[in-house]
Structure formats: structure tokens, C-alpha cells
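A.B. asks: Before I ask anything, here is the structure I am working with.
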Amino acid sequence: MAKSTQADLIGRPLDRVDGAQKVTGKATYAFEYATQGTAACGFIVSASIGKGRILAVDARDAQRAPGVLLILTKDNAPPQSPWGPVDLPDRFARAEPALNTDEVLYFGFPVAFVVAETFEQASAAAAMVRVQYDSMPGDYDLHAAGPSAENPGRMNGALAADSAVGDFESAFANAPVQIDANYTTPYQNQAPMEPHATLAAWQGEMLTVHTSAQLTTSPQEGLARTLNIPKENVRIVTRYVGGGFGSKLPYYVDATLAAIGARTLGRPVKVAMTRPQVFHATTHRTASEQHVRLGADRNGRLTAYGQDALVHCARFDMFTEPVCGAARMLYAALNRLTRHRRAKLDLPRSDSMRAPGDAIGLLALECAMDELAEALSLDPIELRLRNDTLTDPERDLPFASRHLADALREGAARFGWDKRVAKPASVRDGRWFVGLGVASAIRADVLESATARARLESDGRLTVELAMTDIGTGSYTILTQIAAETMDLPVDRVTVSLGDTRFPPTAGSGGSFGAGTSGAAVLAACRKLKVGLASGITEAEGSVTPSELDNAYAHAGFGAHFAQVGVDRDTGEVRVRRMLGVFAAGRILNAKTARSQVIGGMTWGIGAALTEENHVDVRYGSFVNQDLASYHVAVNADVGEMDVVFLHEDDPHGSPLGSKGIGELGICGAGAAVMNAIHNATGARIRDFPATPDKLLPTLETLDA
Ligand code: MOS
């Protein structure tokens, strides 16, 4: 039989199929679907108090401003369903009404909506809307609310808030070597480049919503719920998305208000949030207080392993970030205890941000492991190897595949770990103290539901359609590869269409499940079509469900992060000189886009370790830094040499594609590796993230210049 021309296409470092469209400005984002003059522009007016009531909205001046077409307030907004229900199983399909209450639930809460011919007219008129408030004291301080925090029982994903194996307290008390340390992580924002934006248009009873979203069917259901219309009357279109990172799992009032405004005016309305609105009126990552207790024998074997986390949740919501999820799977120990407590604050909603739970849980856990290694005078890699396990230590399930040890060893060899000097502050390079750090990476791997449609056109081209999104990750590209290889067609004869609820439903992009889930559906559809072609069938649908992940096994991707930093002896400035990430994440679907994904995650690790921090002004409940100048995400200038290695890993018990999620694996542990490198460079143990220079100066002052 002739060898397929497209064999092994999956995995190749194919350039993004949408790359040229993006760099030439031809990829259409939500806000760009209507030309100037066609759509009216809406602008959201945000509350300037943190908690209270709206007494009156005076829009008389705004109404007379040039170009103004419509002003909506609590006094004239149309009826909508109330927010929620809070316990809806798909929380991203909840009703998201706007201007339906006189209550202000958080600073930046939408209190009015101005639509005008142009964006400038709308924003100018919005500034003329006068809102009178009855302001009430709110709870904005996580630490202060700690003692009254509640046990949430269950967290999102139905995970139990608490887990216990053996007798942690007595094992810890009796452990010859103990680490007992408190860590804090700050509020963070997903800060996608493209702000949340929507263009809505009605044709009769049919609503078309172009919005920047990670999901498609959830906002479709949610908007229908909000507006009390049939789901079938709502079409969500989201072809290109300029980053989501969890903040576009929910939809927001930009979508609701665009839809309401468009219906009221009888013409399309588009709304983009300003950057401060992105900070205040979308979700963010909770701050956390974490208590890690590790007990080990003198050989470095963990006997007691405990992590407690305090997080916040908006007063009206129930999200609990599963901070200790990684702790439940990462290392062996016979006695274990993890607990989550949740404080309700009068802040906007906390919800998912890249690797919710593991990203910040591992900052504490993997720094604590570094502290334990030091206490034992044991190499931090050796400590991790001694506590590796091929069985999920809490659920007693074998891992479908787990190559943490290989990642640690391979990384150590490549990074030059043998040159690390264990004693901190031993290596100088001019004015810089230089050090190396390591941390493990783990991220649970899940499969969701998806259906894809594949059709062979009369000209021999293949069309693939599914309501998946590409949030910048490379979905278009990997799905093209999967379809082309399966159908044995050249890549340029395959068209993948995404981001439209007219296509078969998928779970969208989130939780690192996007590629494996949507890819498995495309694989199934193409296989079915290929068989069907013999009998003249030119169109087929294929599906995948979570049950295809064998639940007799635990599923996770693993890796190891290595960092080399220089710390300026006088200023405390930290520069990340080199980073290496070694990952074992099943079959890699595209070597280039996969690499980009984890480089992105590792870069977020630099931000978490060094700069990213949102401050709440506890007098007003506002985020102090609400732009990309004062909320500093790591940028190109913050990143030194960065390298990524994927280990070959077969995962016969995993997704039908054999892939594992990688979208979030890269951030998991990355910040801890940087922090551990800072300790090796200087001897400073910073347990309050991020390690800004002011926190390093006291240690630096004790070191010989
Ligand atoms: Mo992710 S934080 O589920 O987009």
C-alpha cells in the first residue's frame, strides 16, 4: 500500500494557518464586524463606590450631548432575568443582566449605558452621567476576613474543599524535619490584549452576537436566559480572540448591553470595555493565604504533607479557587491534609485565570519543597525524586502516564544543574548575585464533550466545522493538521471553521482541555467520513465525551522548570537570565504552537514571581492598578533565554489523540522555580509574592558587597 503523504502531519511545527490573516489585520475580531456608521457604539458607566445603592441617575446633560442615541439606567432598562442562578452547573451560562438593580455590588459595577454614533461621543457623554449613591461600608480585605471564612464544602469541578489521608497532625508533629511556612499570593488579572467586546445585531427575533469569548454554547444559553428568549434565537460568533486566560469563560454585560441596545435602537450596537473596566467588571484571580506544612524523615521522604488555603469569592458568588489541587497529586506521603476556606468580599467575581488553583498552589508548595531540601541539606531535585509516585496518592489510582522524574533529570542535565552551588549567595557576576532554582509542574488533564462536522466538498476540499474557539492558542492549526492527516489531504485543501454556534457544539477553550477535546472530535468525524466515502457519504459528524478518558487512571501532565536569575546587589532588581521547561504531556499536536503555549505559561511564571500584583484599596474596594502600565505583566524585556523540551510520552489511557493539555502546564511551578533561584542567589526567602525589590533589600544589605 502506498504510504500516506500526510502521515505524521500531527505534531509537525506547522505555521499557524491563521497567521497571515492576523499579522495583516485581516482577522476580524468581535468589535470589527460592522463598519463605522453601521453600528452604534455603547459605553458602560461604572460605579465609583464599592458597595451601596444608586439613589438617582441624572442623564439630562448626557442625553443632550452630540451623537447620543440612547441612555439606559436602572430607571429604563428592559426587564431581564435576575443574575444567576448562582448554583447553575454551567456557571458560564448564568443570566448576566445589566442595570436591573439599584444595588452596587462592587467598585466598577455597571450603573448606566450610553449609546452614540461614535465611541468618542459615547465615552464623552458617559462622563456627563451623574450618579448619586448611598455608599455603605464593604468588606474588601482578605486577610481581615480570614477568621470568618467559610468551608465551601465543594469547589468548582465538584472537588471537595477538604481532603485527608492518614493522620496528618500527629505525623507532622512527630516528623524529625518540619517546614511550617505561610505564603501569600496577590490578586492577579488575566489581562488579555483584546478587551472584552461585543457587537450585537437583531434580524427579527434572531440575535447575532459577535463577542470575544472562550466558549460558545454557554454564552448562547446565558444570553437567552438573560433576555428570556429561546436559545435557538441566539447565535454566538467568536472567530478570533485576542487572549482569554480564563477571563473570557464567562460573558459579561458588554454582551447583554449590546444586545439590549441593538434591540432598542433597531441597529447593531457594539461595546468594548475600557482597560479599567476589564480590571473591575470582569473576573480576576483571587489573592490567597497559604499555609504549607511538610514533615519528612531524615532521608527526605515526606511523612506528612499539608496545605491550607484562604481565598476570596465575590459576596454574591460561590467560586472557590482549588489551590491545593496539585498538592493532592504531586508527591507521595502517607499522611495528608488539604483544606480550602473562602471569605466573601464585596469585590468583583474571582474566577478562573490560567491554571486556576495549581498556578498559585504550586507557588507555595514548590517553594516549601525548596525550603525542605535546604533543611535536609539535600539537592532539591533529589528531594523531589525521592517523593515521586506513579500512583495518585489520594485517590489510589495509577497515573495513565507520569514522567516527572524524567523531566527533572533531563532538565538538570540540559540546564547545567550540577554547577549549582547549594550555599546561597555564593555566585557573583559583577554587581549581580546569581542563582539557580527548580520546581515541578503538574496540571490535571481532562477531556470534555465536543462534536465536529467534516464535509468533502465537490471540488475535493475538506471543510471542518465545530463551535470551538481559537483564543490565540493555535486551535485552527492543530485541527487542520488532525483533519489533513486523517483524510490524507494536503493542509491547504482543508478549511477549519470555528467560533459559531451554528456549528456542532464543543466545550470551547478552557482548563487546557480545548485541543484534546476538539481534536478528538475532529479525528472522530474525519475517520467516520473516510469510511463513509466508500459508500458515497460526503459528510460526517464525530464526537468525544469525558468518558473516553479511562477513569481507572489518574490523568495529568508533568514537567520541570529551571530558572537562573541575577539579583542586583544594590537595587534588588531581579533579572531572569535563563529558563528551561521540560514537559511530558502526551502526544504533542504541533511542536511550534505547543512550544509557544508553554513559553507563554513560563513567562506568566516570571510575572507571578516578580511583578504581577493587583492592589485593592481597602477603603473603596477598587483595584489600584487598572492598566498595563501599573499592572506589570512580564514582557519581552523581562525574559532572558528561554527553552522548552517536550519528552516523548505515549499515553494509551488518555484522550483518543494521545495528547494532554498544555495550555496551563507551562505556568504551573514556573514562578516557584524563579523564586527558588532568588533564594539560591541571595539567601532571601520571599514568601509574599511577588518578589519586588523592596522585599529583597533587607537580605541584600546583610551580604558583603
Ligand atoms: Mo482557563 S483559566 O480554564 O481559560
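A.B. asks: Which condition does PRO78 not pass, out of (1) under 18 Å from ILE260 (Cα atoms); (2) crowded, with 16+ Cβ neighbours inside 10 Å; (3) out of contact with any Phe, Trp or Tyr (no Cβ under 6 Å at 6 or more places or on another chain), if it passes all the others?
C.D. replies: The failed condition is (2).
A.B. asks: Please indicate, with yes or no, whether at least one residue in the range 504-521 is among the β-branched types (Val, Ile, Thr), out of contact with any Phe, Trp or Tyr (no Cβ under 7 Å at 6 or more places or on another chain) and more than 15 Å from the ligand (Cβ to nearest atom).
C.D. replies: No, there is no match, as no residue in the range 504-521 is among the β-branched types (Val, Ile, Thr), out of contact with any Phe, Trp or Tyr (no Cβ under 7 Å at 6 or more places or on another chain) and more than 15 Å from the ligand (Cβ to nearest atom).
A.B. asks: Also, quick follow-up: Only one of these is under 25 Å from SER247 (Cβ atoms) and open to solvent by less than 40 Å² (accessible area, probe 1.4 Å): LEU88, LEU70. Name it.
C.D. replies: LEU88
A.B. asks: Please find, among PRO268, PRO250, the residue that is open to solvent by 10 Å² or more (accessible area, probe 1.4 Å) and either farther than 22 Å from THR506 by Cβ or not aliphatic (A, V, I, L, M) (or both).
C.D. replies: Result of the check over PRO268, PRO250: PRO268.
A.B. asks: Test ARG455 against the stated conditions and say whether it is in contact with a Ser or Thr (Cβ under 7 Å, 6 or more places away or on another chain), in contact (Cβ under 8 Å) with a residue 60 or more places away in the chain and not assigned by TED's automatic domain parsing to the domain that holds LEU330.
C.D. replies: yes
A.B. asks: For the subset of the range 268-318 comprising residues that are more than 23 Å from the chain's Cα centre (by Cα) and polar (S, T, N, Q), which member is farthest from ALA112 (Cα to Cα)?
C.D. replies: ASN299
A.B. asks: Quick check on PRO195: is it at pLDDT 95 or above and touching a helix residue (DSSP H, G or I) at 6+ places or on another chain (Cβ under 7 Å)? Don't jump to the end; show me each part of the working.
C.D. replies: Numbers: at pLDDT 95 or above: yes; touching a helix residue (DSSP H, G or I) at 6+ places or on another chain (Cβ under 7 Å): yes.
Spelling it out, PRO195 is indeed at pLDDT 95 or above and touching a helix residue (DSSP H, G or I) at 6+ places or on another chain (Cβ under 7 Å).
A.B. asks: Quick test for you: out of ALA584, ALA594, ALA525, pick the one residue that is more than 30 Å from ILE49 (Cα to Cα), in the same structural domain as ALA326 (by TED's automatic domain parsing) and either in contact with an Asp or Glu (Cβ under 8 Å, 6 or more places away or on another chain) or charged (D, E, K, R) (or both).
C.D. replies: Being more than 30 Å from ILE49 (Cα to Cα), in the same structural domain as ALA326 (by TED's automatic domain parsing) and either in contact with an Asp or Glu (Cβ under 8 Å, 6 or more places away or on another chain) or charged (D, E, K, R) (or both) holds for just one of ALA584, ALA594, ALA525, which is ALA584.
A.B. asks: Additional query: Where in the range 427-479 are there strands (runs of 3 or more DSSP E), lying wholly inside it, with at least 1 residues that are open to solvent by 40 Å² or more (accessible area, probe 1.4 Å) and of a type in the set (Phe, Trp, Tyr)? Full working, then the answer.
C.D. replies: Details: elements: 432-444, 450-456, 462-465.
In the range 427-479, the matching strands (runs of 3 or more DSSP E) lie at 432-444.
A.B. asks: For the range 126-213, which strands (runs of 3 or more DSSP E) that fit wholly inside it have 3 or more residues that are open to solvent by 70 Å² or more (accessible area, probe 1.4 Å)?
C.D. replies: 130-135, 177-185
A.B. asks: Let me ask another. From the residues in the range 653-702 that are modelled with pLDDT of 95 or more and polar (S, T, N, Q), which one is farthest from LEU372 (Cα to Cα)?
C.D. replies: Filtering first and then ranking leaves SER659.
A.B. asks: Identify, from the list ALA677, ALA672, ALA634, the residue that is among the small types (Gly, Ala, Ser) and surrounded by fewer than 24 Cβ atoms within 10 Å (Cβ to Cβ).
C.D. replies: ALA634
A.B. asks: Touching a helix residue (DSSP H, G or I) at 6+ places or on another chain (Cβ under 6 Å), open to solvent by less than 20 Å² (accessible area, probe 1.4 Å), outside any strand (DSSP E or B) and farther than 24 Å from LEU9 by Cα, is that true of LEU408?
C.D. replies: Judged against the criteria, LEU408 is a match.
A.B. asks: Right, another one. When you go through (1) over 25 Å from GLN564 (Cα atoms); (2) open to solvent by less than 10 Å² (accessible area, probe 1.4 Å); (3) in contact with a Gly (Cβ under 8 Å, 6 or more places away or on another chain) one by one for SER350, which number turns out not to apply?
C.D. replies: (3)
A.B. asks: Do you know which residues across the range 343-395 are hydroxyl-bearing (Ser, Thr, Tyr) and within 16 Å of the ligand (Cβ to nearest atom)?
C.D. replies: First, the residues of the range 343-395 that are hydroxyl-bearing (Ser, Thr, Tyr): 350, 352, 377, 389, 391.
Within the range 343-395, SER350, SER352 qualify.
A.B. asks: Follow-up question, since we're still on this one. For the range 589-612: of the residues being over 20 Å from ILE442 (Cα atoms) and over 16 Å from the mean Cα position of the chain (by Cα), which is least open to solvent (accessible area, probe 1.4 Å)?
C.D. replies: Out of the qualifying residues, it is ASN590.
A.B. asks: Quick check: is even one residue across the range 521-530 assigned to a strand (DSSP E or B) and crowded, with 17+ Cβ neighbours inside 10 Å?
C.D. replies: Residues of the range 521-530 assigned to a strand (DSSP E or B): none.
No.
A.B. asks: Any idea how many residues of the range 210-238 are within 16 Å of the ligand (Cβ to nearest atom), among the small types (Gly, Ala, Ser) and farther than 30 Å from THR24 by Cβ?
C.D. replies: 1
A.B. asks: Select from the range 481-510 the residues that are out of contact with any helix residue (DSSP H, G or I) (no Cβ under 6 Å at 6 or more places or on another chain) and outside any loop (DSSP other than H, G, I, E, B) and list them in ascending order.
C.D. replies: Answer for the range 481-510, where residues must be out of contact with any helix residue (DSSP H, G or I) (no Cβ under 6 Å at 6 or more places or on another chain) and outside any loop (DSSP other than H, G, I, E, B): GLN481, GLU485, ASP492, ARG493, THR495, SER497, ASP500.
One line per residue, one yes/no per condition, for (1) under 30 Å from VAL616 (Cα atoms); (2) over 25 Å from the mean Cα position of the chain (by Cα); (3) without any contact (Cβ under 8 Å) to a residue 40 or more places away in the chain:
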position	(1), (2), (3)
LEU362	yes, no, no
ALA368	yes, no, no
ALA373	no, yes, no
LEU378	no, yes, no
LEU383	no, yes, no
SER401	no, no, no
ALA413	no, yes, yes
GLU448	no, no, no
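A.B. asks: Within the range 312-342, count every residue that is of a type in the set (Gly, Ala, Ser) and either out of contact with any helix residue (DSSP H, G or I) (no Cβ under 9 Å at 6 or more places or on another chain) or more than 16 Å from the ligand (Cβ to nearest atom) (or both).
C.D. replies: Here the count works out to 4.
A.B. asks: Can you pull out the strands (runs of 3 or more DSSP E) entirely within the range 532-640 that have at least 2 residues that are of a type in the set (Lys, Arg)? It would help to see each step written out before you state the result.
C.D. replies: On the way: elements: 539-544, 556-568, 574-584.
By residue number, 574-584.
A.B. asks: Report yes if LEU105 is under 20 Å from THR226 (Cα atoms), in contact (Cβ under 8 Å) with a residue 12 or more places away in the chain and either outside the structural domain of ALA507 (by TED's automatic domain parsing) or not hydrophobic (A, V, I, L, M, F, W, C) (or both), otherwise no.
C.D. replies: yes
A.B. asks: Related question: Do we have VAL241 as away from the ligand (no atom under 16 Å from the Cβ) and open to solvent by less than 10 Å² (accessible area, probe 1.4 Å) here?
C.D. replies: Judged against the criteria, VAL241 is not a match.
The values are calculated or read from the model by the stated rules, or taken from the named source; none is laboratory data. Since the structure is predicted, the reported quantities are computational estimates derived from the model, not experimental observations. When we count neighbours, we look across all protein chains shown, and the Cβ atoms used for this are built from the backbone with ideal geometry, even at glycine. All accessible areas refer to the heavy atoms of the entire protein, side chains included, with ligands and DNA or RNA removed. Shrake-Rupley method; radii C 1.70, N 1.55, O 1.52, S 1.80 Å.
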